[in-house]
Amino acid sequence: MSKKIKINKEKLIELYMDYVLQQHEIPKSVYAFARDNHFEESDFYRFFGSFNSLESAVYELFFNKTMKTLHNSKEYKGYDAMNQLLSFYFTFFGNLTANRSYIFNSLKLEINSLHTKKKLNILRKKFLDFVDELDLGGRDLKNKHLDNIKNSVVNESYWIQMLATIKFWLEDDSADFEKTDLFIEKSIAASFELANTKP
């Protein structure tokens, strides 16, 4: 009987991603996944309730890595909101690109219905919190209720933009994903111009 290894959240994510890439499917069960990777099944449940919650954590991890990189950058702190958002996108998609095979496998079957995916729920919440902290401009409507509605609609539009960018990136076959970079620059510039248009 092989010796059981100590496991943590990041290691579980790494093992899971490796399994999906090697087998082109999710593990048959938590028991089999734990047995094949020499850790206790109960250790899995200390961090995740299911493979679905682990998949959500993969995208949360990419988001957290992105934010850590940005907060460690002296230049980022001096950027205006538009350039902070651009920096987020380029860093986030850099992290996705480093794991493209997994992301493609994870999302390819739902490429036209990303908005329905539970696995992106945590990413959505964290991204919307991030967008909410940015000064995205837009006109003050001088009405608290209308301003709250406007802010909610604007933030949600940025999430839709994120999903559109993920979809574009998944389909991008240009060298070094140059088309995605251009798509990011143009779409964010357009969204800021729209946000500052008179209602």
Exercise for the section: Report yes if some residue within segment 1-21 is polar (S, T, N, Q), assigned to a helix (DSSP H, G or I) and either over 30 Å from residue 188 (Cα atoms) or without any contact (Cβ under 8 Å) to a residue 24 or more places away in the chain (or both); otherwise report no. Expected result: no
Problem - Single match in 102, 79 (criterion: assigned to a helix (DSSP H, G or I), of a type in the set (Ser, Thr, Tyr) and either surrounded by 13 or more Cβ atoms within 10 Å (Cβ to Cβ) or in contact with a helix residue (DSSP H, G or I) (Cβ under 6 Å, 6 or more places away or on another chain) (or both)) - result: 102
Handout entry: In segment 23-33, residue nearest to residue 100 (Cα to Cα) [restricted to those that are in a helix (DSSP H, G or I) and at pLDDT 95 or above]
Key = 33
Exercise for the section: Give me a count of the residues in segment 32-51 that are open to solvent by 30 Å² or more (accessible area, probe 1.4 Å) and in contact with a helix residue (DSSP H, G or I) (Cβ under 6 Å, 6 or more places away or on another chain). Expected result: 3
Completion exercise
Note on segment 107-157: residues modelled with pLDDT under 85, open to solvent by less than 70 Å² (accessible area, probe 1.4 Å), part of a loop (DSSP other than H, G, I, E, B) and within 29 Å of residue 77 (Cα to Cα) are 136, 137, 138, 141
Exercise for the section: From (1) under 16 Å from residue 103 (Cα atoms); (2) aliphatic (A, V, I, L, M); (3) at pLDDT 95 or above, pick out the condition that doesn't hold for residue 67. Expected result: (1)
Handout entry: Residue that is at pLDDT below 95, of a type outside the set (Phe, Trp, Tyr) and over 21 Å from residue 126 (Cα atoms), where the choices are 180, 197
Key = 197
Practice task
Kindly indicate whether any position in segment 158-177 is buried (at least 17 other Cβ atoms within 10 Å of the Cβ), within 19 Å of the chain's Cα centre (by Cα) and modelled with pLDDT under 90.
Solution key: no
Exercise for the section: Give me the pairs, please: first residue somewhere in segment 74-88 and farther than 15 Å from residue 187 by Cα, second residue anywhere and part of a helix (DSSP H, G or I), beta-carbon distance under 6 Å, and either six or more positions apart or on two chains. Expected result: 76/70; 76/87
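The values are calculated or read from the model by the stated rules, or taken from the named source; none is laboratory data. Bear in mind the structure is a predicted one, so any value in this text is a computation, not a measurement. So basically every Cβ, Gly included, is an ideal-geometry build from the backbone, and we count neighbours across all protein chains shown. Note: areas computed on protein heavy atoms with side chains; ligands, DNA, RNA excluded. Shrake-Rupley method; radii C 1.70, N 1.55, O 1.52, S 1.80 Å.
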